[in-house]
Amino acid sequence: MYDVNYMTQTESQYVAQMDTQRENGLLLVSNMFENNSQQTVYLTYKFRCIRVSATGKSANSQSGSFVAASGQTISLSKTALSIRPTDSYDLLLEIYDGNQLVAKQELKVPEL
């Protein structure tokens, strides 16, 4: 797992989580959501990834909707990104209730 350089949870009852691992030249990213509230929630997520490499920048994004029961942790998405020694990544997971941001996590994966 990489160090988290910047992490913000905007509301403790909702937790956005990213787990990163490096394996066989890939950066594996698992996005999860933890519902610590007392109710079932209907939310959406946005995941953005900006890769900075020797050849320039590239961006990737994913989004979707989900339902999480009280106390439930769910997997939102999994992504495998190719990574070279000179690459770095800015990863951002945001959770929304309608247009309101309720949780987010940002990771900056340093040059490896």
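The table below lists the values:
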{"read-out": "Candidate lysines - alpha carbon under 21 Å from K104, same-chain residues fewer than 8 apart omitted", "value": "K46, K78"}
{"read-out": "Debye log10 I(q)/I(0) at q = 0.11, 0.19 Å⁻¹ for segment 34-112, Cα point scatterers", "value": "-0.36, -0.83"}
{"read-out": "Distant-in-sequence amide H partners of Q72 (H built 1.01 Å from N, under 5 Å)", "value": "N35"}
{"read-out": "Counted charge near S61, where neighbours are those whose Cβ lies closer than 13 Å (Asp, Glu -1; Lys, Arg +1)", "value": "+1"}
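No value in this document is a laboratory result; all are computed from the given coordinates. All figures in this text were calculated on a predicted structure; none of them were measured in a lab. Glycine also receives a Cβ, built like all others from the backbone with ideal geometry; neighbour counts cover every protein chain displayed.
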